[in-house]
Amino acid sequence: MNTSRVMNASRLLLLIVLSMLILSGCTRGRDDLEVWVAQTLERPPEPLEPIPTVATPTVVIYDATGLPDPFMRNMRDEGDGIEDIAAAGTTTGPRPDPNRRREFLEQFPLDSMAMVGTIEIDQNAFALVADIEGTIHRVQAGNYLGQNHGRILDINQNRIAIVELVRDGASGWMEREAQIMLSDDRPQQR
């Protein structure tokens, strides 16, 4: 037991000596740092650039209570404008039916959906469409999908043919053909 105490004491002494040697190495090289700091402090400071003057903005009071607010969206731009067309009653050509009940897939953009397959039931062709959340829906010719009043015209093995109603830039509507192609990749769930 006596030898183990001597061994432990010698190990402790060796550890103390090594620690002191390591710490003594940390003090070297400090002189040049003190010289550099002293030289830097002796130099006169460089002049600072003056603070730029801030122009006071002119106050403009919006005093057009009878005019529409230019910072608010025009009420005619909100929604799809079906009510405006129905109220006017003078538009000729294609236009959305304001009384038609919207279908579930009309809330998703057309490019966010993917055709993942087809099925046939009693000789009626149906397409399987995945929405943005990955849910599969069964649709057929005559159903609506997409945010532009897209009506399904035809379904075959590789694509869904759609006709959309979009604003023509004036006060009317025009038809635009679109399609959803069969996709090997199913949309990722979000």
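The values are calculated or read from the model by the stated rules, or taken from the named source; none is laboratory data. Owing to the predicted nature of the structure, the values given are computational and were not obtained by experimental measurement. A quick note on method: Cβ atoms are made from the backbone with ideal geometry, for glycine too, and the neighbour counts reach across all protein chains shown.
Out of everything in segment 121-137 that is loosely packed, with under 13 Cβ neighbours inside 10 Å and not aliphatic (A, V, I, L, M), what residue ends up being nearest to GLY93 (Cα to Cα)? Out of the qualifying residues, it is ASN124.
So is ASP154 modelled with pLDDT under 90 and of a type in the set (Asp, Glu) or not? Taking the combined requirement at face value, the residue does not satisfy it. Scanning segment 123-146 for residues that are within 10 Å of SER112 (Cα to Cα) and either at pLDDT 95 or above or β-branched (Val, Ile, Thr) (or both) yields a single hit, ILE132.
With respect to ARG30, determine if the residue is modelled with pLDDT under 85 and under 55 Å from the mean Cα position of the chain (by Cα). For ARG30, the condition - modelled with pLDDT under 85 and under 55 Å from the mean Cα position of the chain (by Cα) - is met.
ALA86 fulfils the conditions (1) under 24 Å from the mean Cα position of the chain (by Cα); (2) at pLDDT below 65; (3) among the aliphatic types (A, V, I, L, M) except for a single criterion, (1). A count restricted to segment 121-175 and to residues that are in a strand (DSSP E or B), closer than 16 Å to GLU103 by Cα and touching a residue at least 60 places away in the same chain (Cβ under 8 Å) stands at 1. The one condition from (1) of a type outside the set (Phe, Trp, Tyr); (2) modelled with pLDDT under 90; (3) surrounded by 10 or more Cβ atoms within 10 Å (Cβ to Cβ) that ALA114 does not meet is (2).
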